[in-house]
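Here the structure is laid out as structure tokens; the discussion comes afterwards.
What follows is calculated from the coordinates using simple rules that are stated; it is not laboratory data. Bear in mind that the values here come from a model prediction, so they are computed numbers and not experimental data. We place every Cβ from the backbone using ideal geometry, glycine too, and count neighbours over all the protein chains shown.
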Amino acid sequence: MSLETKKLFDEISNLSTEQRNQNSINIDKQTSAEILRIINNEDKLVPLAVENEIPYIEQAVEVIVKAIKSGGRLLYFGAGTSGRLGIVDASECPPTFGTPFGLIDGFIAGGKEAMFRAQEGAEDFEENGAADVEKACVTSKDVICGIAASRRTPYVIGAVKKAKEIGASTLYITATPRSTFNIKEVDIAICPNVGPEVVMGSTRMKSGTAQKLVLNMLTTTAFVRLGKTYENMMIDLQQTNKKLVERSKRIIMTITGVSYEEASEYLAKSSGHVKSALVMILAEVDFYEAKLRLEKADGFVRKAIEGSFN
């Protein structure tokens, strides 16, 4: 065994994500029901681990909000499960919050093919992550979020290092203890420590669940802060299918109390823009005035209705 191989072996062996879970040692002797309970009991630990990281998640949200207001983007870089989760979160933002494609984006080691079929060797080189950052034309306005359950993934570290060199803000989501986090190029680390997996090293399980929860929190909170909801309803959704058209009508009806026919009428008058339709109804103004109010209110429907633009 070479010194380099021995170093890698020792590094991986010491990771919390690579330890054996004492609660599932005899899982191969259990019935299906018993295996499911073991998995479920371990999954219950995940939200508690994420809860411990809320102060850091809050800091990350503030950085993201500031960046988006300044014309920046949020870009995820990951490998394997972590990379796929970043791409999923990014892809769900346009239909949910009406964001332009590319404002939130995800990159995975190995490229698009790795989304559907593992390209495991692609994650082993920092230069691959750095190259993808350059291809994405990252600037100092952007926020780069590395996602790696083990913390050590070279592709992700390379992306973060290159981003920091460019001057971008850097975040990192990992499932290893904060006490072991040692990547100096990261501005804010989010470290939900979920403990050993039910199946040793299978980080698509608790680690992946924790990462998904954090990603949901980051983008949802950021876009609520940016005026993409009214109360707890999405009001900037894109009507890209029949379901979303009907959801838009229901949202208008729920908030304003108008009938289905009236909601359909206002949605047509507002060119399918739910926010404008809401302001038109609740402030009793025409489409032009509604758009003007929303512009002055930075997209916040409450402020546009009330006319409070300061």
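Which helices pass in the chain if a helix is a full DSSP H run, must span at least 24 angstrom along its long axis by Cα, and must have mean Kyte-Doolittle hydropathy not below 0.0?
Flagged H segments are 80-97, 206-225.
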Most to least packed among 169-177, 27-35 [average Cβ atoms within 10 Å]: 169-177, 27-35
Sparse-neighbour loop sites [chymotrypsin sites (Phe, Trp or Tyr not before Pro); segment 258-310; at most 12 other C-beta within 10 Å; DSSP]: PHE309
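Per DSSP H run of at least 4 residues, take -39500 (n - 2.57); add these up for the chain, divide by its residues and hand me the 222 nm value, nearest 500 deg cm²/dmol.
So the helix-based figure for the chain works out to -16000 deg cm²/dmol.
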Neighbour net charge for LYS296 - beta-carbon separation under 11 angstrom, K R +1, D E -1: 0
Relative contact order [Cα under 8 Å, 6+ residues apart], segment 90-238, whole percent: 22 percent
Prolate/oblate/rounded call for segment 46-225, Cα gyration tensor, a/c under 1.5 rounded: rounded
